[in-house]
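First up is the structure itself, then whatever we jot down about it.
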Amino acid sequence: MAVREEDRHLTLADFRGRRARGVSVDRDPGWPESDLLSHWQQTALILSQTCGYPLVTQLPDVQVVGCFHYAAPGCEGIQYRSFLAVREEDRHLTLADFRGRRAVCNSPDSQSGYNALRKIVAPLASGGQFFAQTSFSGSHRQSLTDVKRGAGDIAAIDCVTWALLQRHEPERLAGLAVIDHTPLTPGLPLITSPNTSPETLNAIRDALHELVDAPEYREVRDAVLIDGFSVVKREAYASLLA
């Protein structure tokens, strides 16, 4: 979950009634700069949000707290999908037409930008390489920039990012078109340390339920398209390994 630098302390300290519920926020595991995996693995971690693919491939010990619901086209409950973005000139093409062309992914550990695309390309590859090149941009926003400037031809962009860009930075989507989408998968899991006690885990879940229901947080929720929260177990993400 990204916030402005000056708001970084609000990640947990702004939880309504947090101390009354027994959630200690005195531990400060630090703010991740670039090494997200180390951040997610910190033993003092109270709450963070990861991606489903690193959850099932690199984070076997963290506890899954739950998942937000997002009010974005392409989302259904806790589930979301990615949109296949291409340049406007290619909007008449199908995914199969991109054989031998170049894909841009945000990261090799991304469910929405890499693993989801790999899943729908696999049946088309027929045992061989489908794309002539796959490059990694570092972010969904940069993937879109790379496609626009011709450094790649197609990118899978999660539908929440797409909706946020439509609202806040529509110029980034100018000249781009969506030709297809990936299947629904569970959204980005909220996680906590394996050391977090069951009592604290329940308190965090209670606080998140209140966060998505309390009227005083509506403006914050609407700004990032959050419209619900559900408790989700790790087992829900097993399908990402298929």
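Of all residues in region 132-149, those being part of a loop (DSSP other than H, G, I, E, B) and in contact (Cβ under 8 Å) with a residue 24 or more places away in the chain number 4. If I ask for residues that are open to solvent by 10 Å² or more (accessible area, probe 1.4 Å), more than 12 Å from the chain's Cα centre (by Cα) and touching a residue at least 12 places away in the same chain (Cβ under 8 Å), which ones from region 49-61 would you list? Result: Val56, Thr57, Gln58, Asp61. In region 35-46, the qualifying residues are those that are surrounded by fewer than 21 Cβ atoms within 10 Å (Cβ to Cβ) and assigned to a loop (DSSP other than H, G, I, E, B), and the one that is modelled with the lowest pLDDT is Asp35. Residue count for region 140-172, restricted to those that are farther than 23 Å from Arg221 by Cβ and open to solvent by less than 60 Å² (accessible area, probe 1.4 Å): 12. When you check Gly113 against the structure, is it open to solvent by less than 50 Å² (accessible area, probe 1.4 Å), modelled with pLDDT under 95 and not in a strand (DSSP E or B), yes or no? No, not satisfied. Give the residue that is nearest to Gly138 (Cα to Cα), with candidates limited to residues of region 80-110 that are crowded, with 18+ Cβ neighbours inside 10 Å and among the hydroxyl-bearing types (Ser, Thr, Tyr). Here the residue is Ser107. Does any residue of region 157-167 turn out to be assigned to a loop (DSSP other than H, G, I, E, B), farther than 20 Å from Ala116 by Cα and under 19 Å from the mean Cα position of the chain (by Cα)? Checking region 157-167: not a single residue is assigned to a loop (DSSP other than H, G, I, E, B), farther than 20 Å from Ala116 by Cα and under 19 Å from the mean Cα position of the chain (by Cα). For the residues Asp227, Asp206, the requirement of being out of contact with any Cys (no Cβ under 7 Å at 6 or more places or on another chain), closer than 27 Å to Gln111 by Cα and in contact (Cβ under 8 Å) with a residue 40 or more places away in the chain singles out Asp227.
The values are calculated or read from the model by the stated rules, or taken from the named source; none is laboratory data. These numbers come from a predicted model, not from an experiment. Positions of Cβ are backbone-derived with ideal geometry, glycine not excepted, and every protein chain shown enters the neighbour counts. For the accessible areas, the whole protein counts, side chains as well, though only heavy atoms, and no ligand, DNA or RNA atoms are used. Shrake-Rupley method; radii C 1.70, N 1.55, O 1.52, S 1.80 Å.
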